[in-house]
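The values are calculated or read from the model by the stated rules, or taken from the named source; none is laboratory data. As the structure is a computational prediction, the values presented were derived from the model and not from experiment. So basically every Cβ, Gly included, is an ideal-geometry build from the backbone, and we count neighbours across all protein chains shown. Only protein heavy atoms, including side chains, enter the accessible area calculation; ligands, DNA and RNA are left aside. Shrake-Rupley method; radii C 1.70, N 1.55, O 1.52, S 1.80 Å.
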Amino acid sequence: FVCINHKFIQDDAYISFRYIQNFTDGNGLVFNIGERVEGYTNLLWVLLLSLFVSIKFDLENTSQILSVIFGVIVLFASYYVSSLIEIKDDSKQIKKTKTEDTDQSGRYFNLIPPVLLVFTGSFVFWSISGMESTMFISFCLLGIYFYIKERNSAAVNYKFPLFILLATLTRPEGLYFFGLIMIHKLFFAFKEKKAAGLKEFFSKNNLISYLVYVIPVIFYFIIRYSYYGYLFPNTYYAKTGFSQAYLNSGLEYFMKFFSSYLLYGIVLVFPLYLFKKKENFFEISLLYLLIISFILYVISVGGDVLKQNRFFLPVLPLIYILFAKFLTEIYYLLKNKISKGMAFV
């Protein structure tokens, strides 16, 4: 209904639309016929929409509907990632089975991230924009979900690298997510098992998992270079850099996000308290590694020319998940204090 009532499509979407139209007309992935310049940063989105256009779907309506559909997927993925991080009530004795109260409480608090996203103007804005933002976020979240869920499995983990691969084909920032997750995985392999952990990190099944991502990405770069003559999209060379001007622009971009959605740091800083819970260190450290590294990356490249915090959206669900886990911990602490107080009455 939001999509139907608000026929807004972000201007930059029409850059991709021009490439899609030329591609489906048989003129190649070009903006101007005969000029091979990669002026888009969303290959998978362009190919997906090209498929629909080739079977006579309306391009504008399809892009907006898909943008909304992936926005809904982000909401579900946020809930399921949150559900993997179980905050236990420290006052209760450890039992083999979960208590009904703990289970129900966890489910309710896991609804906080998707609810916060629904009431976040930036998320709603880009969910009806006709652009690839929500598709990229959904693939990143699904990759994170399967990385956490199958962390202890000795079998080949196809799902995690596959979804991060889809994210990378959607936007170049997917490379950062894969690299950061690999750093996290290597750190915990060494932390938990030392030399044996390093050997396990390079085990046959793990190497197969990595190659699910690495081999297609290598071919992707080879094809891109052979077609356009560059390793990265044209926008990378035109809009990014590392200088004082870029840093100032990036800091200004971050401060708007900092004040608008992080409540001047409260939402991001308070969950640091969760590091005291050793049983959740794997998940909490992963989310903070992704969030802080991605924020620093966005600042370093000067932020985004488009408003509404588009570049920070990929980590916003992770920030909300951490905050939900913090609220869960506070809930247990308050509940226990109230219970103790009533016991003395």
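Of LYS88/LYS193; LYS88/LYS204; LYS159/LYS191, which pairs sit farther than 29 Å apart, going by alpha carbon to alpha carbon?
Pairs exceeding the cut-off: LYS88/LYS204.
Quick one: if you take sqrt(5λ) for each eigenvalue of the C-alpha gyration tensor of region 101-243, what semi-axes come out, biggest first, whole angstrom?
Ellipsoid half-lengths, sorted descending, are 28, 27, 13 Å.
Chymotrypsin sites (Phe, Trp or Tyr not before Pro), restricted to region 282-345: which are DSSP loop and have at most 10 other Cβ atoms within 10 Å?
Answer in residue order: PHE344.
In square angstrom, rounded to the nearest 10, how much accessible surface does ARG151 have for a 1.4 Å probe?
Its heavy atoms expose roughly 70 Å² to the probe.
Using the Kirkwood formula on the Cα atoms of region 243-345, what hydrodynamic radius do you get, in angstrom to one decimal?
Here the Kirkwood hydrodynamic radius works out to 15.3 Å.
Could you pull out every whole DSSP H run in the chain that spans at least 20 Å of Cα extent along its own axis and averages 1.0 or higher on the Kyte-Doolittle scale?
59-83, 133-149, 281-300
Compute the normalised compactness of the chain: alpha-carbon radius of gyration over 2.2 N^0.38 Å, N being the residue count.
1.08
Which value, in Å² rounded to 10, gives the accessible area of VAL118 with a 1.4 Å probe and all protein chains present?
Solvent-accessible area, nearest 10 Å²: 70 Å².
Report, ordered by chain and residue number, the aspartates and glutamates lying within cross-link reach of LYS276, taken as a straight Cα distance under 16 Å and ignoring same-chain residues fewer than 8 apart.
GLU86, ASP89, ASP90, GLU329
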